[in-house]
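Heads up, the thing below is written out as structure tokens.
Nothing in this text is a laboratory measurement; each read-out follows from the coordinates by a stated rule. Predicted, not measured: the structure shown is a model, and the values here were computed from it. Cβ coordinates were reconstructed from backbone atoms using ideal geometry, including for glycine residues, and neighbour counts include every protein chain displayed.
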Amino acid sequence: MSNLYAVGDIHGQIHMLEALVERAPFREEDEIVFLGDFIDRGRDSKAVVEFLLGFRREFPKTVFLRGNHEDMLLDYLAGGGSYYPGVYLMNGGEATLENYRDERGDVRIPPEHLKFLNALEWIHVSRGFIFVHAGLRPGVPIDRQDPMDMVWIREEFFHAQYDFGKPVVFGHTPGWEIKNVLPFYLGIDTSAVHGGRLTCVQLAEGELVECHQVSSREVE
């Protein structure tokens, strides 16, 4: 039987991602959900995207969700409109843009990377779990959730401990430990880019089965 995994926010930490993938017992038939925020703040966002493209070829049932940082980048590349001017750069975007600058200083994102970013999903439901980057608005049906809430919401979601009928697995809100409030939610952004860990969880029938955590000290 295949396993179901979720991976927290990476934020350009390619060495932590490589170490985690080497350590986790992924199999080709497993379903692996990455919760978004692959880019920004860290130094190697381009390398992370390239690695994830190769990872999907090896593990075809992988699902990639859109985080607020991917959403800000796409808005920035499109000329803005959804965010105040400068918000993306103030939130660690310059580190990503530097990865994609050519010799003349122009930002050149490969078509395969752009295709990947534009195809990111807002939400994923599978095997009794809801996967989303940031969380959901309490009291709002799943099919009527605002995409901005799905990539930005914080306190209104996790303080409510609202029952959406399935546990919600999310990232976005960093901490030093996972936020295990099952059966309501499971938060797995363990501050990879802030000196914490990159976390991957294996899930089964409403339970947290195991946790692979790679610390920054282990990959220096």
Sorting Y76, Y88, S45 by the position of each Cα along the dipole of the stretch 31-94 (Lys, Arg +1; Asp, Glu -1; all at Cβ), the one nearest the positive end of that ordering is S45
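If you add up the charges near I123, with Lys and Arg at +1 and Asp and Glu at -1, over every other residue whose beta carbon is less than 13 angstrom from its beta carbon, what do you get?
Working: positive: R66, R137, R144, K166; negative: E121, D143, D146, D149.
Here the count lands on 0.
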Expressed as a whole-number percentage, the relative contact order of the chain with C-alpha contacts under 8 angstrom and at least six residues apart is 23
The stretch 88-154, convex hull of Cα, quarter of hull surface, nm² -> 6.4
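For the stretch 145-220, which chymotrypsin sites (Phe, Trp or Tyr not before Pro) are in a loop by DSSP, counting at most 11 other Cβ atoms within 10 Å?
Details: sites: W152, F157, F158, Y162, F164, F170, W176, F184, Y185; in loops: Y162, F164, W176, F184.
Here the chymotrypsin sites (Phe, Trp or Tyr not before Pro) that fit, given the DSSP loop and packing criteria, are W176.
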As a percent rounded to 5, the proportion of antiparallel DSSP bridges among beta bridges in the chain is 60
HN-Hα couplings for the stretch 101-117 via Karplus (6.51, -1.76, 1.60; θ = phi - 60°), in whole Hz with x for Gly/Pro, come out as 7, 8, 5, 8, x, 7, 7, 10, 9, x, x, 5, 5, 5, 4, 4, 5
In cubic angstrom per residue, the convex hull of the stretch 7-219 built on its Cα atoms measures 122
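Just order 53-59, 69-75 by mean Cβ neighbour count inside 10 Å, highest at the front, would you? Show your work: numbers first, answer last.
Values: 53-59: 13.3, 69-75: 21.7.
Highest to lowest by the protection proxy: 69-75, 53-59.
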Computed about the Cα centre, the charge dipole of the chain from +1 Lys/Arg and -1 Asp/Glu charges at the Cβ has a magnitude in debye, to the nearest 20, of 100
Residue-normalised 222 nm signal for the chain, counting each DSSP H run of n ≥ 4 as -39,500 (n - 2.57), nearest 500 deg cm²/dmol, is -7000 deg cm²/dmol
